[in-house]
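Working notes for the structure below.
The values are calculated or read from the model by the stated rules, or taken from the named source; none is laboratory data. The structure displayed is predicted, hence computed values, not measured ones. In this analysis, Cβ positions are derived from the backbone assuming ideal geometry, glycine residues included, and neighbour counts consider all displayed protein chains. Just the protein is used for accessible areas: all its heavy atoms, side chains included, with ligands, DNA and RNA removed. Shrake-Rupley method; radii C 1.70, N 1.55, O 1.52, S 1.80 Å.
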Amino acid sequence: MKTTRPPSFVTRLSFAALFALPFLFMAPVTAGTARATVPVLGAEEIDAMCSAGLDDWKARVGRLEEIRAYTPKGSIEFVEEWNRLLIAMDDVHGPVYLLSQVSPDEHIRRSAESCDTRVRAFNTDLYLNKKLYTNVRVSRTTDNVERKLRRDTLNDFEDAGITLMAKKQERMREIRIRLDAIQQEFSRNIRDNKTRVVFTPEQMRGLPEDYLAKIKRDASGNYLLDFSYPVYIPFMRYADDSEARRQYQFEFLNRGTPGNLELLQEAIILRHEMATLAGHRSYADYKLRRRMAKKPGKVEDFLDQVQKAIRVAERNELEDLRQYKARSLGISLSEAVIDRWDVMYWQEKVRKERFDVDQNELRRYFPTDAAVRWTLGISESLYGIRFAKADVPVWHEDVAYFDVYDKSTGERLGGIYLDLFPREGKYGHAAAFPVRGGSTLEGRKPISVLVTNFNRTGLDGNELETLLHEFGHVLHGVLSKTRYVEQSGTSVERDFVEAPSQMFEEWAHAKQPLAQLPGYCSPSCPAVDDALLKRINQARKYGKGTFYARQLLYARYDMALYNEHRKNAMALWEEMERKTLLGHTGGTQFPGQFNHTISGYAAGYYGYLWSEVLAVDMLSQFGSNLMNPQMGMRYRKAILERGGEAYADELVRAFLGRAPNSKAFYREITGNADE
């Protein structure tokens, strides 16, 4: 998962009127450049903050209801007070939602979840307030930014059911509140899973010594493996025992079941009902009308084009793996079957032999601390900014905080947190949390939080790419300079939100930025020379067909769930996966841990592929000079600072100076991108 935030129908939520409480570290709403940080709260403090926030928001709503927004003066007053309300909500919900995902204390996580539920319920009711809806409708606008804010806000009210009859409106409210609870429980079932898969030393054969040294063992000397990515991915790459790989993948894919299958099924039914209440054929129709794609049919056509592009590549890659396996094991081609749990293992073998690239060996070139400093450094050079580490309260000792400054003016732009390493109870993927939205109208600075689960010693090539991807989201958040908090940072269409982060991945593949990385190593680390970089990129492109085929399956499944409204989510998955070249592994229940189908990416997973079209096209503007500060500043001003102040197609066209095209994207997904 590449980015995270509250579901798209929930406005960016937060907490500003609570600055009088002594346990908070936040500045008041009206503060200028004073630093604001994430408050590190106990369970009881979260409860108190939440209750005080709700009381404050209700009072603010009362004042908003009394404003006569149809007058020029009233329109200005209304939009400014509305912005302050959303800031006040953001200041509670941003930190609370983060703590529910990253706090090492289970009691704090549960208290944060409870507050999250209360905030979302208030938010649901906010958009069913007819007086506020009327004020938005009659308010006047003076420029395109205000016009888009007004249109988007009206959309939020209408999506909440404000125009429905009373009974339908109440049912819509019930559905939204229940969906919020489902999302919480689904995520918790995965995040808090404490299962350990037990393997004997013999079953661990093939794994690197430094990996084995970090794995806990029981009294009998057996290894106890959890489901964190630094544990799971290397095992699937290097463990020689095919049956052990099958067992571990089986447990990994089932780590949210059976409860999550029931939750997903309920969510599908409720979302279909929500869509029909609003007068739409399906939930996909209901959601896509607010996105770049607009209609499910356009998404299906796009996915058909992707499938056509990668079909032959996937088949050829799997046949290549089968032949390699037969040669390696001295068996007949008919015996050399490639199962799902074999793909990563045999791909790694091919990459090692054919390209002399071992992902575990790459960790020497990308020490984690150095890779992080390098990421900050190239961002500074590109975007004219400066990061300054500061000592602030944090929720875990591993977490670091940095202020972000404009290099030329000295203005403090915002702050970022880095929470990089796995621990029990922590969000298990990699994501950027837009904890605090910015608002130039209120002198409010944004905060973004990077959450990953990296190897502490060093990163492999895929992890380096992930670091840059997620940091692309972080930059999109912290460099935002939008007038209104509602439009801050990643508050863009769901099928565009991944584009800035996907574009930044390319800096992990290019000579010019990578040549700077050894300068951040202490002690020294080897440089990636031209020959190695060529081999790394050849190895990276190997398996593109298989990778994109899997992404295509995820996107098609997600669309089928919410477009066709099938009755059984698990049966649909089995049917669709069985038709793929690798087939379905009996007993695995992948949908129970496919969090995207529950989150704001529901009817939106196609967005990863859709936004990549835009990402590689925007990248073309840098040409061969990825470290061009003039182009970096142009990109910062045109895309990163603008947030959602304009629609994504307008932002992209303005940056490109033309309509986007997909030529570079199709070269990339077929593995034939330019060297």
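Miscellaneous remarks
- Residues (open to solvent by less than 10 Å² (accessible area, probe 1.4 Å), assigned to a loop (DSSP other than H, G, I, E, B) and either free of Cβ contacts under 8 Å to residues at least 24 places away in the same chain or within 24 Å of Gly414 (Cα to Cα) (or both)) located in the stretch 494-517: Phe496, Val497, Glu498
- Per the listing Arg444, Arg412, Arg386, the residue uniquely touching a residue at least 60 places away in the same chain (Cβ under 8 Å) and touching an Asp or Glu at 6+ places or on another chain (Cβ under 8 Å) is Arg412.
- Of the residues making up the stretch 308-327, those that are farther than 15 Å from Val343 by Cα and in contact with a helix residue (DSSP H, G or I) (Cβ under 7 Å, 6 or more places away or on another chain) are Ala309, Ile310.
- Near pairs, Cβ below 7 angstrom, 6+ apart or cross-chain, from the stretch 351-365 (at pLDDT 95 or above) to any residue that is among the aliphatic types (A, V, I, L, M): Arg351/Val357; Arg351/Ala539; Phe355/Ala539; Val357/Ile536; Val357/Ala539; Arg363/Leu459; Tyr365/Val528
- Of all positions in the stretch 57-70, at least one carries a residue that is in contact with a Lys or Arg (Cβ under 9 Å, 6 or more places away or on another chain), more than 23 Å from Val451 (Cα to Cα) and open to solvent by less than 10 Å² (accessible area, probe 1.4 Å).
- Taking the listed residues Leu98, Leu126, the one that is open to solvent by less than 10 Å² (accessible area, probe 1.4 Å) and over 27 Å from Thr452 (Cβ atoms) is Leu126, with no other qualifying.
- Test for Ala370: is it at negative phi and at pLDDT below 95: no
- Of the residues making up the stretch 551-575, those that are in contact with a helix residue (DSSP H, G or I) (Cβ under 9 Å, 6 or more places away or on another chain), assigned to a helix (DSSP H, G or I) and open to solvent by 40 Å² or more (accessible area, probe 1.4 Å) number 1.
- Checking Gly583, Gly604, Gly600 one by one, the residue that is exposed (fewer than 15 other Cβ atoms within 10 Å of the Cβ) and part of a loop (DSSP other than H, G, I, E, B) is Gly583 and no other.
- Residues that are at positive phi and either open to solvent by less than 20 Å² (accessible area, probe 1.4 Å) or among the basic types (Lys, Arg) (or both), drawn from the stretch 385-418: Gly414
- Residues that are within 16 Å of Asn595 (Cα to Cα) and open to solvent by less than 50 Å² (accessible area, probe 1.4 Å) within the stretch 215-263 comprise Phe227, Ser228, Phe252, Leu253, Asn254, Arg255, Gly256, Thr257, Gly259, Asn260, Leu261, Leu263, listed in sequence order.
- Checking each residue in the stretch 518-527 for being assigned to a loop (DSSP other than H, G, I, E, B) and either hydroxyl-bearing (Ser, Thr, Tyr) or under 27 Å from Glu300 (Cα atoms) (or both) picks out Ser522, Ser524.
- The set of residues in the stretch 586-597 that are open to solvent by 10 Å² or more (accessible area, probe 1.4 Å) and either among the hydroxyl-bearing types (Ser, Thr, Tyr) or over 29 Å from Glu251 (Cβ atoms) (or both) is empty.
- Residue within the stretch 64-74 that is at pLDDT 95 or above, farther than 27 Å from Gly428 by Cα and in contact with a Leu (Cβ under 8 Å, 6 or more places away or on another chain) present: yes
- Taken over the stretch 462-493, the residue count meeting the criterion of being under 19 Å from the mean Cα position of the chain (by Cα) and part of a helix (DSSP H, G or I) is 19.
- Cβ pairs under 8 Å, 6+ apart, first in the stretch 570-591 and in contact (Cβ under 8 Å) with a residue 12 or more places away in the chain and aliphatic (A, V, I, L, M), second open to solvent by 40 Å² or more (accessible area, probe 1.4 Å) and outside any helix (DSSP H, G or I): Met570/Gln589; Leu572/Arg566; Leu582/Asp339
- Elements of the type helices (runs of 4 or more DSSP H) sitting completely within the stretch 607-675 and holding at least 3 residues that are modelled with pLDDT of 95 or more: these cover 607-619, 629-635, 648-656.
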